[in-house]
Amino acid sequence: EGMPSAPHVLDVGGGPLNYATVFAGYGARVTVLDTPEVVGHMQGRVPPGAAIRLIAGDFTRELPEGPYHLAFLGNITHIYGPEENQSLFHRLARVLGPEGRVAILDVVYGLSPRAPFMRVNMLVSSRGGGAWTLEQYTTWLNNAGFGAPRVHHIRLHQLLLAERA
């Protein structure tokens, strides 16, 4: 809704191409950023003719130059702590165009019945990850220059959509 007919999408950590192929199928030009190992493995799996470009890198440090219409984070934010997520949102704001948006697909604590389990899982399997509340996401996004996120429920996950303010 409200996107150009061929939007430029940045799929952060989207190496498995689960979402990139869907975006490309709808006419998007997709840039997928993931680790060199993942990109090396998936390079030959990009569907022929799909407008998907794979870039090897570390999104916790830098992002490919934009401008992008949409930045998509599919099951990324639960892996990282508050400081890393806020830093990522600031970097995303810099590579999005003036009316750019961020879409975050994850479980939101207090909204998803899976979130408490994700929180426990991340306590034992990451260095700071967890399931974050809508208030935390809203604060991080606002601090990075985005408006308040709109929440869409997709089964047990939430899709948070926020536009640059």
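Of note:
- Heavy-atom accessible area for Phe117, with the other protein chains in place and a 1.4 Å probe, reaches approximately 150 Å².
- Percent antiparallel among DSSP beta bridges (both partners in the chain, rounded to 5): 35
- Crossing angle, helix 134-143 versus the chain [Cα axis fit, 0-90 degrees, rounded to tens]: 60
- For the chain, the longest principal axis of the C-alpha atoms and the axis of helix 82-95 are separated by about 30°.
- Percent carbon-and-sulfur accessible area, the chain, ignoring ligands, DNA and RNA, probe 1.4 Å: 55
- Computed log₁₀ I(q)/I(0) - Debye formula, equal Cα scatterers, no solvent, the range 16-165, q 0.12 Å⁻¹: -0.51
- Inter-centroid distance (Cα atoms) of the range 123-165 relative to the range 1-76, Å: 20
- Largest accessible area first, the residues Thr77, Thr133, Thr35 order themselves as Thr35, Thr133, Thr77 under a 1.4 Å probe with ligands, DNA and RNA left out.
- Cα gyration tensor, the range 1-104 - rounded (a/c under 1.5), prolate or oblate: oblate
- The range 83-165 shape via C-alpha gyration tensor axes, a/c threshold 1.5: oblate
- Residue-count net charge about Asn143 - beta-carbon cut-off 14 Å; Lys, Arg +1, Asp, Glu -1: 0
- Per residue, the accessible area of the range 17-107 comes to 50 Å², computed with a 1.4 Å probe over protein heavy atoms only.
- Förster radius 22 Å - calculated FRET efficiency between Gln43 and Val124, Cβ distance, rounded to 0.05: 0.10
The values are calculated or read from the model by the stated rules, or taken from the named source; none is laboratory data. What you see is a predicted model; the values in this text were computed from it and never measured. Every residue, glycine among them, receives a Cβ derived from its backbone with ideal geometry; neighbour counts consider all protein chains shown. Only protein heavy atoms, including side chains, enter the accessible area calculation; ligands, DNA and RNA are left aside. Shrake-Rupley method; radii C 1.70, N 1.55, O 1.52, S 1.80 Å.
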